[in-house]
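Participant: There's a structure below that I have some questions on.
Every number here is computed from the coordinates shown, using simple stated rules; none is lab data. Treat the numbers as computed from the prediction; the structure is a model and nothing was measured. FYI the Cβ positions are ideal-geometry reconstructions off the backbone, even for glycines, and counts take in every protein chain you see.
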Amino acid sequence: MPQISLPIHSYDLRSRPSSSSRLVNCFAEQLPPDARSPTVLVRTPGVKDWTTVGSGPIRGMYAAYIGLTTGQAEYLYVVSGSELYYVTTAGASTLIGNVGSPTRVDMSSNKTHVVVVNEPNGFYWDGTTFGQITDADFLANGGAGDVEFIDDFMLFRAPNNNFFFGSDIGDVTSFDALQFGEADVNPDLMVGMIVWNRLVINFGSKVGEIWENTGIAGFPFERIINGTFDKGCLAAKTVAIQDNTVLWVADDYTVRQLQGINPVRVSTHAVDQFIAKSTVSSLEAFAYDQEGHFFYVLTSHEGTWVLDLTTGAWAERESYGKDNWLPRYHAQFAGKTLVGDSDSNKIGELDFDTHTEWGTTQRMEWTYQPIFADGQRAFHDRFEIVLETGIGTTLGGDPKIMLQSSDDGGRTWQSHPDKSLGPLGERLTRAVWYNLGSSRQRVYKAAVSDPVGVSVTETLVEIRGGRL
């Protein structure tokens with residue numbers, strides 16, 4: 001019986017029925033060359049309860065050591081609602097102070113202070129004292145929109161302007177009016193800034209510039225030779241570092257990756273379409289890596305798309321009953337991959353052995369490419385999905401796999417009987433459906449909502465009159 005290819009990425013252009021491939025809460029993992037199939041579909045990690053902080057929602061997370069000379073431990077700094085907290089490795093939180101109603105929150109630190117920017121205001125914490133940055137030169141710059149640390153300088157992007165500036169070396173509350181650099185290659189505004197590999201990447205709305213510390217007297221940062229690229233930034237919150245590279249949503253509604261000084265497009269037409277239809281002010285991203293996969297997570301009100309830099313493939317994530325994925329903030333802390341809930345005060349751990357999201361349903365869903373019949377009616381006699389399952393539900397139930405089919409390009413769906421994934425502890429399952437009718441064009445979609453580990457290894461189909 002012939003195999004049908006597993007979908008390896010989401011590429012669902014709703015206006016084009018020739019493409020229906022979708023991966024929701026799962027991703028493709030490449031297998032060794034001698035494996036039975038080239039890829040396997042893996043369920044994404046669930047979110048395991050870890051702690052709650054403040055009253056929520058979570059608006060920023062940052063792990064840092066400060067006061068190293070006094071032996072201070074690492075803490076997780078969290079903006080929950082309008083308040084800043086520090087959290088211990090045991091998950092206990094302590095209120096530091098109020099940073100105001102969140103707009104764009106960014107955090108960084110040097111050896112002695114954590115700095116929180118809630119555009120345009122800046123705040124600091126040294127382990128004992130919390131306060132707002134009130135230096136006259138800081139305020140004269142209009143406050144700050146981003147904050148980054150490099151070479152004992154704390155750098156700030158001036159909001160609604162074309163320059164960035166620094167505090168006095170080793171300090172975060174004292175500023176000099178001459179400590180600034182102007183991004184002037186193009187007459188546009190700076191909208192984002194990030195430090196990467198001891199370089200300062202300044203994003204304008206139309207172009208980007210790369211600066212470095214040259215050690216010159218005064219403000220020591222200068223633009224590197226040929227250090228410009230011709231793509232700006234659409235949304236500052238989408239800038240992230242992953243796998244030793246910088247990614248962002250560019251002004252042409254694509255996702256770009258900085259390779260050298262070249263802004264290389266890494267998004268697909270489906271992702272570009274998602275960006276174009278998104279509310280720009282809601283676009284934000286974070287990056288994390290887990291079990292050898294390097295993820296760039298891009299979210300808006302309209303959805304969440306995730307690039308796996310290991311494979312170059314995009315997939316989607318959704319929280320149950322939502323269009324998007326609730327986690328929007330991330331930190332590596334206490335040996336855990338932690339995420340914050342953008343709708344509540346919960347912080348959870350991304351965990352491949354958890355198959356729920358903070359105790360609620362996580363639905364894994366994958367949609368195959370269409371099966372065409374060369375304009376003829378094809379009869380679908382048998383459809384089989386081969387799965388490796390994990391430990392099953394802890395309640396001793398019988399988890400199910402669901403199957404639907406569509407003959408009109410995914411506009412309407414017909415449900416077929418659910419099939420068992422096997423009892424608790426069963427490791428290999430073959431889910432088989434018979435006599436599925438006929439069609440000139442057929443799309444299949446499968447899903448698992450039960451809390452069980454699932455990997456899809458093969459799909460087999462028996463059709464008379466069609467072609468795969």
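Participant: Kindly state, as a whole number, the per residue volume in cubic angstrom of the convex hull around the alpha carbon atoms of the range 80-147.
Facilitator: Dividing the Cα hull volume of the range 80-147 by its residue count gives 92 Å³.
Participant: With Rg and the Kirkwood Rh both taken from Cα atoms, where does Rg over Rh land for the range 188-310?
Facilitator: My calculation puts Rg/Rh at 0.99.
Participant: Report the convex hull volume per residue for the range 307-465, counting only C-alpha atoms, in Å³.
Facilitator: Enclosed volume per residue, from the Cα hull, is 143 Å³.
Participant: Do any trypsin sites (Lys or Arg not before Pro) in the range 195-269 lie in a loop, going by DSSP, with at most 13 other beta-carbon atoms within 10 Å of their beta carbon, and if so which?
Facilitator: Passing sites in the range 195-269 are 198.
Participant: For the range 278-357, calculate the relative contact order in percent as a whole number, restricting contacts to Cα pairs under 8 Å that are 6 or more residues apart.
Facilitator: This gives 19 percent for the range 278-357.
Participant: Here is a follow-up. Whose amide H sits under 5 Å from the amide H of residue 83, counting only residues 5 or more places off or on another chain, with H placed in the peptide plane?
Facilitator: Long-range HN contacts for residue 83: 99.
Participant: Follow-up question, since we're still on this one. Counting only residues 5 or more places away or on other chains, whose amide H sits under 5 Å from the amide H of residue 267 once H atoms are built in the peptide plane?
Facilitator: Here 255 satisfy the definition.
Participant: Given 10 Å bins starting at zero, what is the percent of C-alpha pairs of the range 262-339 in each, up to the one with the largest pair distance?
Facilitator: 18, 49, 29, 4
Participant: Over the Cα atoms of the range 335-385, how large are the radius of gyration and the largest Cα-Cα distance (Dmax), in Å?
Facilitator: Here Rg and the maximum Cα pair distance are 19.8, 57 Å.
Participant: Right, next: For the range 412-452, what does the equivalent ellipsoid look like in terms of its semi-axes, each the square root of 5 times an eigenvalue of the Cα gyration tensor, given largest first in whole Å?
Facilitator: Whole-Å semi-axes of the equivalent ellipsoid: 25, 12, 8.
Participant: Normalised radius of gyration for the range 97-237, please: alpha carbon Rg relative to 2.2 N^0.38 Å, two decimal places.
Facilitator: 0.98
Participant: Something else now. Taking every Cα atom in the chain, find the radius of gyration and the maximum pairwise distance Dmax, and write them in Å.
Facilitator: My reading of the Cα-based Rg and Dmax gives 24.8, 79 Å.
Participant: Let me ask something additional. Could you please report the charge total around residue 185, scoring K, R as +1 and D, E as -1 over all other residues with beta-carbon less than 15 angstrom from its beta-carbon?
Facilitator: Around residue 185, the surrounding residues sum to -4.
Participant: Please report, to two decimal places, log10 I(q)/I(0) for the range 1-136 at q = 0.11, 0.14, 0.18, 0.22 Å⁻¹ as given by the Debye formula with identical point scatterers on the Cα atoms and no solvent.
Facilitator: Ignoring solvent entirely, the Cα scatterers give -0.63, -0.75, -0.94, -1.27.
Participant: Expressed as a rounded percentage, what relative contact order does the range 219-363 have, with Cα pairs under 8 Å and six or more residues apart?
Facilitator: Once divided by the residue count of the range 219-363, the mean separation gives 13 percent.
Participant: Suppose every Lys and Arg Cβ carries +1 and every Asp and Glu Cβ carries -1, with no other charges. What dipole size does the chain come out with about its Cα centre, to the nearest 20 debye?
Facilitator: The dipole magnitude comes to about 1880 debye.
Participant: What percent do you get for the relative contact order of the chain when only Cα pairs under 8 Å and 6+ apart count?
Facilitator: 17
Participant: Let me ask you something else. In sequence order, what are the phi-derived ³J(HN,Hα) couplings for the range 326-337 according to the Karplus relation 6.51 cos²θ - 1.76 cosθ + 1.60 with θ = phi - 60°, rounded to whole Hz, with x for glycine and proline?
Facilitator: 5, x, 10, 9, 9, 7, 8, 7, 6, x, 10, 9
Participant: Something else now. Any chance you could tell me what percent of the C-alpha pair distances in the range 240-376 go past 20 Å?
Facilitator: Here the long-distance tail beyond 20 Å is 50 percent of all Cα pairs in the range 240-376.
Participant: A further question on this structure: With a ≥ b ≥ c taken as the square roots of the eigenvalues of the C-alpha gyration tensor of the range 306-361, please select rounded if a/c is under 1.5 and otherwise prolate if a/b is larger than b/c or oblate if it is not?
Facilitator: Since a/c reaches 1.5 but b/c is at least a/b, the shape of the range 306-361 is classed as oblate.
Participant: Rounded to the nearest 500, what is the 222 nm mean residue ellipticity of the chain from helices alone, with -39500 (n - 2.57) per DSSP H run of 4+ residues and division by all residues?
Facilitator: One gets -500 deg cm²/dmol as the mean residue ellipticity at 222 nm.
Participant: Once the other residues with Cβ under 14 Å from the Cβ of residue 31 are scored (Lys, Arg +1; Asp, Glu -1), what is the net sum?
Facilitator: Net charge around residue 31: -3.
Participant: By its C-alpha gyration tensor, with a ≥ b ≥ c as the square roots of the eigenvalues, how is the range 122-168 shaped: rounded for a/c under 1.5, else prolate for a/b larger than b/c, else oblate?
Facilitator: Cα axes put the range 122-168 in the oblate bin.
Participant: Spelling out what I want: for every residue of the range 152-166, take phi, set θ = phi - 60°, compute 6.51 cos²θ - 1.76 cosθ + 1.60 (Karplus), and round to whole Hz; glycine and proline get x.
Facilitator: Taking θ as phi minus 60°, the curve returns 6, 9, 9, 9, 10, 8, 6, x, 6, 8, 10, 9, 10, 8, x Hz for the range 152-166.
Participant: Please list, in order along the range 132-139, the HN-Hα scalar couplings obtained from phi with the Karplus expression 6.51 cos²θ - 1.76 cosθ + 1.60 (θ = phi - 60°), rounded to whole Hz, x for Gly and Pro.
Facilitator: Couplings: 9, 6, 10, 3, 4, 6, 4, 5 Hz.
Participant: Using the C-alpha atoms of the range 50-101, what convex hull volume per residue, in cubic angstrom, is computed?
Facilitator: 73
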